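Heads up, the thing below is written out as structure tokens.
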Amino acid sequence: MARGMLLSPFNMGTSASEVPYGTLDLMVLKTLEGMGPLHGYGIARRIEQMAQGALALNQGTIYPALLRLEQRGWIRSAWGTSENNRRARFYSITRSGRKQLAVETDLWTRTVAMMGRLLEDHS
């Protein structure tokens, strides 16, 4: 389970928050689908970049998620060499991971639409 605070209007813009519960798997799968194989540090930095400073990922958040996703068969890993010539484990999305990404994307799309309707001004 990824520890973290939910983003709220009270902490947005003041400092980076941790990952909202239940979103990290989707973010990792989407990142790997779009970027191809990446090492853990690269995945974390790309997610932070796309979040435009609204999230902060650390090793204690990203690596347990990668292990969990690999155990579920949604990603696979292989050793390789990073940009700075260090040995690193590179992760890539599997066919099963692509299917899961589609399921989770649909769920989040429906959840966001529902929340949008609930938050609309009905006056």
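The values are calculated or read from the model by the stated rules, or taken from the named source; none is laboratory data. Since we're looking at a predicted model, the values are computed, not measured. All Cβ positions, glycine included, derive from the backbone under ideal geometry; neighbour counts span all protein chains shown.
Each residue in segment 69-91 was checked for being surrounded by 13 or more Cβ atoms within 10 Å (Cβ to Cβ) and part of a helix (DSSP H, G or I), and 2 of them qualify. The set of residues in segment 52-62 that are closer than 17 Å to Gly34 by Cβ, assigned to a loop (DSSP other than H, G, I, E, B) and touching a residue at least 12 places away in the same chain (Cβ under 8 Å) contains only Leu57. Each residue in segment 1-24 was checked for being under 24 Å from Lys99 (Cα atoms) and either in a loop (DSSP other than H, G, I, E, B) or at pLDDT 95 or above (or both), and 7 of them qualify. Selection within segment 95-110: residues that are hydroxyl-bearing (Ser, Thr, Tyr) and closer than 16 Å to Leu24 by Cα. The member of this set that is surrounded by the fewest Cβ atoms within 10 Å (Cβ to Cβ) is Thr109. Using the structure shown, decide if Leu66 is within 22 Å of Pro20 (Cβ to Cβ), touching a Lys or Arg at 6+ places or on another chain (Cβ under 9 Å), of a type outside the set (Ser, Thr, Tyr) and surrounded by 10 or more Cβ atoms within 10 Å (Cβ to Cβ). Judged against the criteria, Leu66 is a match.
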